[in-house]
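Heads up, the thing below is written out as structure tokens.
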Amino acid sequence: MSDKRIGDVILDVKNISLAFGGVKALTDISFDVREHEIRAIIGPNGAGKSSMLNCINGVYTPQKGTIAFRGQTFDHMDSRQVAEMGIARTFQNLALFKGMSVLDNIMTGRNLRIKSNILLQALRIGPAEREEMQHRAYVEQIIDFLEIQAYRKTPVGQLPYGLQKRVDLGRALALEPKVLLLDEPMAGMNVEEKQDMCRFILDVNDEFGTTVVLIEHDMSVVMDISDSVVVLDYGKKIGDGTPEEVRNNPEVISAYLGTSH
Amino acid sequence: MGFFLETLIGGLMAGMLYSLVALGFVLIFKASGVFNFAQGAMVLFAALAMARFAEWITALTGLDNLLVANLIAFVLAGAVMFAVAWLVEYLVLRHLVNQEGATLLMATLGITYFLDGLGQTIFGSDIYKIDIGMPKEPLMLFESVFEGGLLVSQEDLIAAGISAALVAMLTLFFQKTSTGRALRAVADDHQAAQSIGIPLNRIWVIVWCVAGVVALVAGMIWGSKLGVQFSLSAVALRALPVVILGGLTSVPGAILGGLIIGVGEKLSEVFLGPYVGGGIEIWFAYVLALVVLLFRPQGLFGEKIIDRV
């Protein structure tokens, strides 16, 4: 991984504070994400990791602070606009379209790019047919990449958990995002499924050059695949650096293991 | 035998109309989680618009081609329903996102009365006719197969054909277009749909438009059979047990539920009615729906909702 070309800052999070009523979820968080890197956000339960991701994704609007994506600052964005800018995400608790097939689920990720007239689409004629085929081809590539060819037509609700997580990833990839936000991509998986998922994340990062921001509980996974790590605890940033630095940070150790005072 | 089949077919035809109204309920509920009490008012409003437009067009332009006048009236009424859909989303629903189901239901109840009133203010409150030139005389079928043959109303047959065409078009729209895909996506998970760039507000407008068109077709058929009058609005209440029976989240459920209720009503009226006294048609559907609720609270085809405790 040493030959990786980590680029300029692509996502710049500055002084973000978020509160729900009296509960402070995030307090004055700043960090940046560089192009092509895998950036992990870790922390104990309730540290504010998902809240942070939801701020970047436009689900929550922080009371204070700014987030800049490729130099452009945004503070009042909704998820849809964020998606249009090129940030895709997966969900901690699966949020797939259960009634739809694997193929259709991933196809929805192409929706932003489909331009042809709805009437032509319904009748499958002319340019609409060609466009549909192009997107379908792209989706097939993703399906091959994630090794879920056999389940193409299966309603996702019927797939085992690990495979559903892959479909979730596939749908996000279909947007051809610049930045991919992964909310606990390996939660609830067994060792083998975790290894597969790690491989996919590394491959996405490597082959498509996609920047990855991921939240993860499993420390060994984080240390293995990420280039740099942000540590949150009770909504505050307590560490930031390479996995090695973070591992030796006394504050991080005490947050995870507890200290005797 | 012939009489039984006639009753059965009559029930299927009546059921088809219930299906159309129920379809309107299901479409909106699936996509936005709103139980749209105003579906019946939309049927009345659409039918009123179409009846009056057809009347005004012939009066103003002296057009005497019934089909053309009705076609123009249909398109205009469709445009009116689109406007209603847009206004409902823009003025009401947009501001109620993430509110309790009961709040949304009350909002649609408000829309119901508003639409009822507005429709009669603009279009008048008499009984109007929609005359799309349906043949009134019944058709004799299978005379050679069994004695007495089968008496089927041509009007009902055409109505059934129109309904089937509408359902086919909707299926095409939902299965083959990217907008249809987006609609199904929103129906399954709002947040995930937004995260891949599907605009919720636009989808809700579209789904209300579709429900408006469904209401228009239902209103047109019903109106041409019974005349366009205030009681059309109450037709929606006849479709409620259909929705309960078929499941609030299932399009095939709405269609099959409508047929089951239609057939059930007619058969019970004809064959049970004499023993229990008349009027069974009015409450039979509700009892049937209640019995289904006892065994399948999610309806025959509805999604079972499993919550984490």
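Quick note: the coordinates plus some simple rules give every number you see, no bench work behind them. Bear in mind that the values here come from a model prediction, so they are computed numbers and not experimental data. Neighbour counts are summed over all protein chains in view; Cβ atoms, including those assigned to glycine, are modelled from backbone coordinates with ideal geometry.
Given H placed 1.01 Å from N in the peptide plane, which residues other than close sequence neighbours of residue A:89 have an amide H under 5 Å from its amide H?
Distant-sequence amide H within range of residue A:89: A:181.
For the stretch B:212-309, run through the trypsin sites (Lys or Arg not before Pro) and keep only the ones in DSSP coil with at most 11 other Cβ atoms within 10 Å of their Cβ. Could you put the intermediate results ahead of the total?
Numbers: sites: B:225, B:238, B:266, B:304, B:308; in loops: B:304, B:308.
Those satisfying the criteria are B:304, B:308.
P(r) of the protein assembly as shown in 20 Å steps, Cα pairs, percent per bin?
Computed distribution, short to long bins: 18, 43, 27, 10, 1.
Between residue A:98 and residue A:144, what is the spin-label point distance in nm, taking each point 7 Å from the Cα along the Cα→C-beta axis?
Roughly 3.3 nm, to one decimal.
Calculate the length of the line joining the C-alpha centroid of the stretch A:32-49 to that of the stretch B:70-88, in whole Å.
Using only Cα atoms to place each centre, the spacing works out to 50 Å.
With 10 angstrom as the radius, rank B:116, A:224 by how many other C-beta atoms surround their C-beta, starting from the fewest.
The order, fewest Cβ neighbours first, is A:224, B:116.
Long-range amide H contacts for residue A:10: which residues qualify at under 5 Å (H placed 1.01 Å from N, peptide plane, sequence gap of 5 or more or a different chain)?
Amide H neighbours of residue A:10: A:33, A:34, A:35.
Can you give the calculated 222 nm mean residue ellipticity of chain A, where each DSSP H run of n ≥ 4 adds -39,500 (n - 2.57) and the sum is split over every residue, rounded to the nearest 500 deg cm²/dmol?
Per the formula, -10500 deg cm²/dmol.
Using a/c under 1.5 as the rounded threshold, could you call the stretch B:2-295 rounded, prolate or oblate? The axes a ≥ b ≥ c are square roots of the C-alpha gyration tensor eigenvalues, and prolate needs a/b larger than b/c, oblate otherwise. Intermediate values should be presented prior to the final figure.
Values: a/c = 1.71, a/b = 1.25, b/c = 1.37.
Oblate, since a/c reaches 1.5 and b/c is not below a/b.
Which FRET efficiency value, to the nearest 0.05, do you get for residue B:122 and residue A:136 by plugging their Cβ-Cβ distance into 1/(1 + (r/R0)^6) with R0 = 51 Å?
For residue B:122 and residue A:136, the calculated efficiency is 0.65.
Calculated from DSSP H runs of 4 or more alone, at -39500 (n - 2.57) each and per residue, what is the 222 nm mean residue ellipticity of chain B, nearest 500?
-23500 deg cm²/dmol
Step through the residues of the stretch A:182-187 one at a time and calculate ³J(HN,Hα) from phi using the Karplus curve (6.51 cos²θ - 1.76 cosθ + 1.60, θ = phi - 60°), rounding each to whole Hz and writing x for Gly and Pro.
With the stated coefficients, the stretch A:182-187 comes to 10, 9, 6, x, 10, 4 Hz.
Out of A:109, A:121, A:141, whose Cα points farthest toward the positive end of the dipole of the stretch A:100-176 (charges: +1 Lys, Arg; -1 Asp, Glu; placed on Cβ)?
Working it through, the farthest residue towards the positive pole turns out to be A:121.
Which of the GluC sites (Glu not before Pro) across the stretch B:52-149 are loop residues per DSSP, with 10 or fewer other Cβ within 10 Å?
For GluC sites (Glu not before Pro) across the stretch B:52-149 that sit outside H, G, I, E and B with at most 10 neighbouring Cβ atoms in 10 Å, the list reads B:100, B:147.
Counting only DSSP beta bridges with both residues in chain A, what percent are antiparallel, rounded to the nearest 5?
60
Only sites in a loop by DSSP and with at most 16 other Cβ atoms within 10 Å count here; which trypsin sites (Lys or Arg not before Pro) in the stretch A:129-199 make the cut? Can you show the working numbers first?
Details: sites: A:130, A:136, A:152, A:153, A:165, A:166, A:171, A:178, A:194, A:199; in loops: A:152, A:153, A:178.
Qualifying residues, ordered by number: A:152, A:153.
May I ask you to list the lysines whose Cα is less than 21 Å away from that of residue B:266, ignoring any residue fewer than eight positions away on the same chain?
B:136, B:225
What pairs from A:165/B:30; A:194/A:236; A:115/A:237; B:129/B:304 go past 31 Å between their alpha carbons?
A:115/A:237; B:129/B:304
Once the mean 1/r over all distinct Cα pairs of chain A is inverted, what Kirkwood radius in angstroms do you read off?
Details: mean 1/r = 0.0517 Å⁻¹.
Evaluated over chain A, this radius sits at 19.3 Å.
Mind telling me which of A:51, A:220, A:30 comes out most flexible in a GNM of chain A, alpha-carbon contacts under 10 Å?
Ranking A:51, A:220, A:30 by mean-square fluctuation puts A:220 first.
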